[in-house]
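Step one of this worksheet: look at the structure below.
The values are calculated or read from the model by the stated rules, or taken from the named source; none is laboratory data. In this text the structure is predicted, and so the values were computed from the model without any measurement. When we count neighbours, we look across all protein chains shown, and the Cβ atoms used for this are built from the backbone with ideal geometry, even at glycine. Accessible surface areas use protein heavy atoms only, side chains included; no ligands, DNA or RNA. Shrake-Rupley method; radii C 1.70, N 1.55, O 1.52, S 1.80 Å.
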Amino acid sequence: MSLPPEKLFDLDERLRFCSSTVFGDWPTSALTHITTGELEPALRQPLLFLLAGHHDGRLRQKALWKLPEFPGYLALAVALIRCADWVPEVKHAAQEATKRLLELSDVEDVLTLWPLVLRLRVRERGSREWLEHHVESWALRTELRPLLRSLVAIDNAQVRAWAFSSGLQAGVDLGVDLLETAVRDPNPAIALYALRHAQRQDDDARIRLLAKIGLNAPHPVVRRESLRVLSGLEGALTRDKLLLTVCDASAGVRSLSAFLLRERYAVEPSARWRAVLDDQSRRPTLGALVSLADHAQPEDMDRMRHWLLDSSGPVRMHALRGLLTSGGQLSEDEFAHLVTEGGNPVLRFLASSIRAGDTKLGVERLTSVLTSPAAPLSVSLNLRRLLKKLGHWQRLELLLQLPATQDTVREWWRRALADWDEDSGMYAPIGSNRRLELLRLLQRRQEEIDVDHYDAIKGAILRH
């Protein structure tokens with residue numbers, strides 16, 4: 001079966017909705033033919049799966065009683081599904097078949113079908129108590145430790161979560177440290193469960209060990225929770241450790257670390273961020289740059305200017321943000337460099353700062369970049385991308401004001417106007433004064449613009 005095992009419930013329901021079509025031509029002796037005929041297991045198993053979903057409860061019940069004679073993946077699957085049947089007699093037959101099939105089936109089939117077991121736990125007609133007593137407890141038996149250990153390492157996060165929680169609650173010995181393994185799990189819910197379980201059950205030394213592991217977890221919510229846990233343990237968080245976590249990639253971890261640094265060691269976190277940025281032997285952690293950019297002061301302008309030249313787009317973007325926060329402005333060369341290097345995060349933030357008036361982009365700056373002999377071909381394309389991110393009428397006004405006397409500028413200008421024409425249908429309200437000003441600017445450039453584009457632009461201005 002190519003379907004995920006938990007989706008077999010959905011398949012069963014779909015078959016029952018169209019049961020008259022599925023079973024319309026089946027003889028009353030179908031079960032006998034299926035169970036006594038010389039059929040390959042690859043054919044018998046699907047037929048039993050179908051018959052166990054028959055609209056006639058008596059046939060479902062008979063099929064279920066026969067299932068243990070033909071153990072296999074689909075036999076166990078349909079037995080589990082029918083454990084939530086609406087007919088008590090069918091449900092009982094399914095439960096008995098399930099108990100026997102668990103003993104008869106390959107461990108690999110049971111392992112693969114465990115997501116189906118978990119879905120059965122929340123079925124309205126399923127019996128959670130019966131499931132826990134006869135199916136889940138079966139997997140916790142000593143002789144089945146390899147199965148439980150496999151469930152702990154399975155790709156399905158829900159199954160891993162069940163295996164960890166069940167194993168920890170039952171106190172089973174799998175030959176591995178379940179709590180340490182769970183804290184390292186990529187799924188944050190599992191790692192958080194392990195941390196909270198340890199806080200309820202273990203001593204401070206054990207909790208400290210697990211929380212220190214959690215500080216290196218891939219998910220930020222686990223790192224922050226681990227930091228919070230350590231903050232409640234006497235002497236667990238040193239100044240040096242907080243100087244590292246205050247530069248974490250996660251804002252939540254940085255915020256808590258900054259609070260703890262101030263409260264416990266009277267250390268201003270911005271001093272650490274500045275030290276990281278001043279170490280020019282390596283790229284700064286993005287966390288330090290982001291945090292300092294949030295709180296940049298005039299003294300940080302030169303630091304931010306230095307990292308504007310970095311090869312990483314996110315680093316350049318946050319350096320620009322920090323420069324503007326500190327009260328600085330881009331020089332002509334810095335603006336040209338950012339446009340040349342491009343990158344969506346940089347161009348997007350640059351455009352937002354232009355729209356807000358924090359970064360200046362006028363005719364002179366635009367002309368300077370376009371006519372620079374050192375400008376690569378990427379500049380003209382990135383400039384067009386940048387303009388597309390500006391306000392609709394701000395963009396048109398800038399283009400209509402731009403002199404296009406040089407060949408290179410004229411070619412770029414016509415393409416940029418064509419770009420605007422493509423976007424001219426967007427909803428963008430315009431005031432009457434601005435409309436008149438745009439019509440005046442457009443009239444002055446009429447001889448330079450293709451007739452079709454001119455009419456389209458004029459029509460767009462008048463429509464809004």
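With a cut-off of 18 Å on the backbone N, the residues of segment 44-58 near the modelled label site 7 Å out from Arg123 along Cα-Cβ are 46-58. When the trypsin sites (Lys or Arg not before Pro) in segment 351-408 are filtered for DSSP coil states and for at most 14 other beta-carbon atoms within 10 Å of their beta-carbon, the remaining sites are Lys360. Using 12 Å as the cut-off for backbone N distance, which residues of segment 365-398 belong to the label zone defined by a point 7 Å from the Cα of Ala428 along Cα→Cβ? What the label zone holds, given the 12 Å backbone N cut-off, is 387-398.
The calculated FRET efficiency for Thr142 paired with Tyr265, based on their beta-carbon distance and R0 = 41 Å, is about 0.25.
Report the trypsin sites (Lys or Arg not before Pro) located in segment 281-319 that are in a DSSP loop and have at most 14 other Cβ atoms inside 10 Å of their Cβ, or state none. Hits after loop and neighbour filter: Arg282.
What you get for the chain, charging only the Cβ of Lys and Arg (+1) and of Asp and Glu (-1), is a dipole of about 900 debye around the Cα centre.
Partner lysines whose Cα lies under 30 Å from the Cα of Lys389, excluding those fewer than 8 positions away in the same chain, are identified as Lys360, Lys458. Here the simple spin-label model places points 7 Å from the Cα toward Cβ, and for Val363 and Ala153 these points are separated by 7.1 nm.
Restricting the GluC sites (Glu not before Pro) of segment 358-464 to loop positions (DSSP other than H, G, I, E, B) with no more than 10 neighbouring Cβ atoms within 10 Å leaves nothing. In straight-distance terms, cross-link reach from Lys99 covers every one of the lysines whose alpha-carbon lies under 28 Å from its own, apart from those fewer than eight places away in the same chain; here that gives Lys7, Lys62, Lys66, Lys91. Computed from Cα atoms, the angle from the helix 188-201 axis to the main principal axis of the chain rounds to 60 degrees.
Solvent-free Debye calculation, one equal scatterer per alpha-carbon of the chain: log10 I(q)/I(0) at 0.09, 0.10, 0.11 Å⁻¹ equals -0.84, -0.87, -0.90. Using a probe of 1.4 angstrom and keeping all protein chains present, the accessible surface of the chain works out to 50 square angstrom per residue.
Per-residue accessible area (protein heavy atoms, 1.4 Å probe) orders Tyr427, Tyr73, Tyr454 as Tyr427, Tyr73, Tyr454, starting from the largest.
Here the average projected area of the convex hull drawn through the C-alpha atoms of segment 113-195 stands at 5.4 nm².
Based on DSSP H segments of at least four residues, each scored -39500 (n - 2.57), the chain has a per-residue ellipticity at 222 nm of -20000 deg cm²/dmol. Rg over Rh for segment 9-138 works out to 0.94, both radii taken from alpha-carbon positions and Rh defined as the Kirkwood radius.
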